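What follows draws every value from the coordinates through simple rules; no lab data is involved. Treat the numbers as computed from the prediction; the structure is a model and nothing was measured. Cβ: placed from backbone, ideal geometry, glycine included. Neighbour counts: every protein chain shown.
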Amino acid sequence: MKFFIKFITLGFAASLALFKVSVADDRPNILWIVSEDNGARWLGCYGNPAKPTPTLDKLAAEGFRYERCYSSIPVCAPQRFTWITGINAISAGTQGMRSGVQIPDFIRYYPEIFQDIGYYTSKGKDAKTDYNHRSNRSGNDFWNEPKKLEWDVLKQKQPFMHVINTHSTHESRVFGAYNPNKHTAPKAGNLAAYHPDLPGIHFVYEKYNEAHRKMDAEVKIWLAELDQSGLAKSTIVIYSSDHGGVLPRSKRFLYNSGTHCPLIVRIPEKYKNLYPASKPGDTVKELVSFTDFPKTWLNLGNATKDQVEQMQGRSFLGKETEPNPEFVYSFRNRMDDRLDMVRSARDNEFLYIRNYMPFAAVGQFLPYLFNSQAMRDWKQHDLDGRTDAVTSRFFKQPRVIDELYLYEKDYDNVKNLAADSANAARIKAMRAALRQWQLEIFDSGFIPEDEMGQQAAKYELTVYEFVRNPELYPLEQYIDMADKSLELDSKNLGCFLEALNTPFVGNRYWATLGILNLSFVGDSTKDNNVLNAMQALLEKTTESQVVKAYAAWVIVRSGNDKQGQEALDFLKNLGYKTYSFRTVLNVLDWMDPKHSFPVMLDIYLNGKQSGDSARVITNHLISQASAEVAELVEQHSKAVNSITNHEKRLRNYSQKPENISAEKIAKQTTQSQAELARATAVEKELRAKLEAKN
């Protein structure tokens with residue numbers, strides 16, 4: 001009898017285990033298709049009159065279209081970090097574009113958690129591995145299949161989570177001659193209010209519509225393959241972009257054009273209990289942040305709360321969803337080599353933007369962005385004095401500190417309501433909500449990136465750990481001082497001078513920026529106490545180089561010729577081989593060129609800059625110099641590039657590549673040596689002419 005009972009018990013346990021597997025296997029597959037750089041309004045179903053996306057429009061009719069979905073940060077790599085971890089990039093110090101910031105090993109990636117709950121994880125078709133941080137793990141280590149899309153394998157491995165990334169709408173697709181119809185490009189039917197009516201801009205609009213047609217055709221193929229595999233009835237299909245874009249003033253910026261993103265979710269009939277609205281084809285108006293994505297996808301797979309504990313978003317789909325938020329938040333910091341710090345809060349009606357570095361123009365020169373003909377034509381239009389109050393605002397320096405928009409009625413965000421006293425209470429409330437969020441997620445931006453690496457390394461901590469230690473990173477104090485720096489009230493001058501003597505670098509940084517901001521609205525920086533305090537910062541050997549760079553700018557702006565020249569010399573020396581070079585470069589570019597030009601020319605001729613840094617310096621010199629000097633700089637830059645290219649070729653030839661014959665290597669080596677000698681002679685001659693001009 002005991003044996004019989006034991007047999008029955010074991011049989012029941014086995015049946016229960018099989019039942020659990022069956023239940024687990026009945027969970028939905030997830031196919032997430034991501035396109036790059038395109039805001040919501042580029043899709044036909046979101047209002048693009050060109051209607052370049054019939055496949056995605058059909059998907060929206062078969063599924064649910066989210067009307068208020070916003071990226072956390074309007075640029076790709078930091079957004080990928082936010083997705084892969086569920087942690088806002090500013091919470092870990094990875095918000096700078098192409099960041100190499102280390103993160104703790106205990107931070108997990110969402111594909112790992114999917115594997116924990118029994119999902120097969122894979123990505124293919126150009127799925128990215130650049131997650132904008134350093135880690136002891138490779139970007140491919142936490143996927144079962146990191147490179148291929150194989151429907152037969154997915155069919156065997158259900159449930160699965162598969163990610164497809166398409167590059168077809170990437171910003172680079174509007175460079176060059178991508179659109180074969182460029183000579184007959186129609187006028188854009190959705191020209192933004194901030195864009196001037198120029199042929200070059202209409203041309204790029206049509207190029208980007210063409211990019212969407214290509215992307216949409218790819219999606220059509222993938223969805224057809226999903227159907228043919230027999231997996232469509234058990235697979236939730238998600239389509240989104242990775243942020244907004246891609247015309248100038250969209251990607252990288254916190255306006256609708258940079259953060260409002262498409263999100264379409266098609267849910268099979270068998271999972272209709274997961275519908276976010278009554279029926280397919282409906283739209284969903286709840287606020288969604290991209291930070292919510294990984295937590296929500298895991299919720300669809302029935303992950304537990306403990307398994308997603310590190311994640312900062314909310315679950316908006318699945319059996320157990322979280323309440324709709326009152327606000328969603330976005331952030332902007334360094335974009336390539338250009339510095340900035342902007343935060344935004346958005347409710348169901350208003351978008352509030354807080355500019356922490358108002359002394360820099362929104363549309364400062366950024367090399368990659370200026371590869372676009374639309375950007376170059378717009379900038380030239382402004383330099384020619386042909387822009388109006390709306391189309392010129394992008395280039396104004398300084399810019400406004402607070403921006404407030406009715407973001408659906410004013411989709412292009414050109415009617416700033418912040419100055420209207422009737423909105424003072426609203427701004428105060430939204431700023432308070434923003435502050436609370438910054439405290440909750442440990443916003444790491446209140447020590448600038450160049451300095452943050454130094455501070456965290458001093459204590460052998462990752463930035464993630466450093467900002468969570470209030471004894472090292474007193475965030476409330478820093479936000480208070482940053483807010484004071486933006487009040488533009490000379491009554492705060494005493495507070496700033498006092499803060500320069502505190503032990504916390506963040507307080508000294510924001511106090512210095514407060515004094516700098518005052519220099520744009522009055523003459524308080526000519527006060528001897530201010531000049532002496534700034535000079536003391538330059539002379540203090542233990543002071544942050546970043547703080548010193550801004551202090552030097554304050555001195556230059558004071559109008560004191562002797563001290564100003566000494567400050568410029570200090571900046572020039574700081575511009576060589578220092579951890580703060582990026583800060584120095586930006587300060588010099590923001591500065592009045594009558595002061596900065598000689599320093600920039602010296603750094604250009606004697607520094608070892610390359611890539612974006614070199615392009616920023618070259619652009620500064622060409623745009624600010626006389627026609628003669630600009631031509632010399634342009635010719636010299638070409639000579640330097642020629643030298644670099646021929647040196648690279650010679651190094652390659654010295655390796656004796658197997659695919660090139662010895663005879664050809666010898667011939668090409670001789671040619672490159674001759675070209676290198678010519679370029680070197682030209683560079684030397686042009687250098688002498690430029691040095692004579694400085």
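Quick notes on this one:
- Summed side-chain charge close to LEU676 - residues other than LEU676 whose Cβ falls under 13 Å, Lys, Arg +1, Asp, Glu -1: +2
- Computed over neighbours whose Cβ is under 15 Å from that of HIS595, the net charge equals -2, Lys and Arg +1, Asp and Glu -1.
- Contour excess over end-to-end distance, with Cα ends at GLU566 and ILE622 and 0.36 nm allotted per residue: 17.7 nm
- Within the shell of other residues whose beta carbon sits under 13 angstrom from the beta carbon of TRP437, the net charge comes to +2, with Lys and Arg scored +1 and Asp and Glu -1.
- Close amide H pairs (under 5 Å, H built 1.01 Å from N) link MET357 with MET341, residues at least 5 positions away or on another chain.
- Cα-projected label distance for ALA217 with GLU322, points at 7 Å along beta-carbon direction, nm: 4.2
- On the basis of the beta-carbon distance and an R0 of 41 Å, ASN641 and LYS491 show a calculated FRET efficiency of 0.20.
- Cα long-axis angle, helix 528-539 against the chain (0 to 90 degrees, to the nearest 10): 70
- Sorted ascending by nearby beta carbons within 10 Å, beginning with the fewest, TYR194, TYR208, TYR239, TYR275 become TYR275, TYR194, TYR239, TYR208.
- Residue exposure proxy: MET375, MET161, ordered by other Cβ atoms within 10 angstrom of their Cβ from fewest to most, comes out as MET375, MET161.
- Scattering profile of the stretch 15-320 at q = 0.08, 0.09, 0.13, 0.14 Å⁻¹ [log10 I(q)/I(0), Debye over alpha-carbon scatterers]: -0.34, -0.44, -0.92, -1.06
- Remark: the stretch 390-459 projects, on average over all directions, an area of 7.1 nm² (convex hull of Cα atoms).
- Only Lys, Arg, Asp and Glu carry charge here, each on its Cβ (+1 for the first two, -1 for the last two); on that basis the chain has a dipole of about 1380 debye about its Cα centre.
- Radius of gyration over Kirkwood radius for the stretch 442-624, both on Cα atoms: the Rg/Rh ratio is 0.97.
- For HIS243, the amide hydrogen comes within under 5 Å of the amide hydrogens of ASP37, ASN38, counting only partners 5 or more places away or on other chains and with H modelled in the peptide plane.
- Distance between the C-alpha centres of the stretch 97-171 and the stretch 213-247: 17 Å, rounded to the whole angstrom.
- The mean sequence distance of close C-alpha pairs (under 8 Å, at least 6 residues apart), as a share of the length of the stretch 442-624, puts its relative contact order at 15 percent.
- In the set [x] 46; [y] 23; [z] 27, the label that goes with percent of Cα pairs over 45 Å apart computed for this structure is [z].
- Taking the convex hull of the alpha carbon positions in the stretch 222-334 and averaging its projected area over all directions gives 9.1 nm².
- Hits among aspartates and glutamates - C-alpha to C-alpha of LYS648 under 13 Å, sequence gap 8 or more where chains match: GLU675
- Footprinting exposure proxy for GLU476, GLU683 (fewest neighbouring C-beta atoms within 10 Å first): GLU476, GLU683
- Computed helical MRE - 222 nm, the chain, DSSP H runs ≥ 4 contributing -39500 (n - 2.57), nearest 500: -14500 deg cm²/dmol
- Across the stretch 636-693, the volume of the C-alpha convex hull divided among the residues equals 58 Å³ per residue.
- Under a model in which nothing but the beta-carbon of Lys, Arg (+1) and Asp, Glu (-1) is charged, the stretch 442-624 shows a dipole of about 540 debye around its Cα centre.
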